Amino acid sequence: MDAAVTIDQTASDRAASDRAAALALAALGWTVADPARARRLIDITGLDPTDLRARAGEPVVLAAVLAFLESHEPDLIACADAIDSDPGVLVAAQRVLERQ
């Protein structure tokens, strides 16, 4: 494989990861803005608030946030609308983050 192709692929993968993380962070902000939804996130993921704050930028945590939203379609749709995205894009972002 050509080294330039490998570098381009790596840059493309990194850009996709960055976009996925940015979407997931926006989704996390939307999720924790509602106390009941934030409590459900904590209960379902097992993360405590301190751990969530400390690890909010980690791909595994961001993927868990998106999985949480995906598991409850009304929240997934509402979040996507609120952050000016699409539910399918959030689900795809979760898949990208899970591969990291």
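The values are calculated or read from the model by the stated rules, or taken from the named source; none is laboratory data. As the structure is a prediction and not an experimental result, all values here were calculated from the model. Positions of Cβ are backbone-derived with ideal geometry, glycine not excepted, and every protein chain shown enters the neighbour counts.
General remarks:
- Picking from residues in region 40-61 that are in a loop (DSSP other than H, G, I, E, B) and among the hydrophobic types (A, V, I, L, M, F, W, C), the one that is farthest from the chain's Cα centre (by Cα) is Leu47.
- Meets criteria (modelled with pLDDT under 95 and surrounded by 11 or more Cβ atoms within 10 Å (Cβ to Cβ)) for Leu28: no
- Checklist (1) touching a residue at least 12 places away in the same chain (Cβ under 8 Å); (2) surrounded by 13 or more Cβ atoms within 10 Å (Cβ to Cβ); (3) under 11 Å from the mean Cα position of the chain (by Cα) applied to Arg37, failing item: (3)
- Members of region 5-25 found to be of a type in the set (Gly, Ala, Ser) and modelled with pLDDT under 95, listed by number: Ala11, Ser12, Ala15, Ala16, Ser17
- When restricted to residues that are over 13 Å from Ala21 (Cβ atoms) and acidic (Asp, Glu), region 84-98 contains 2.
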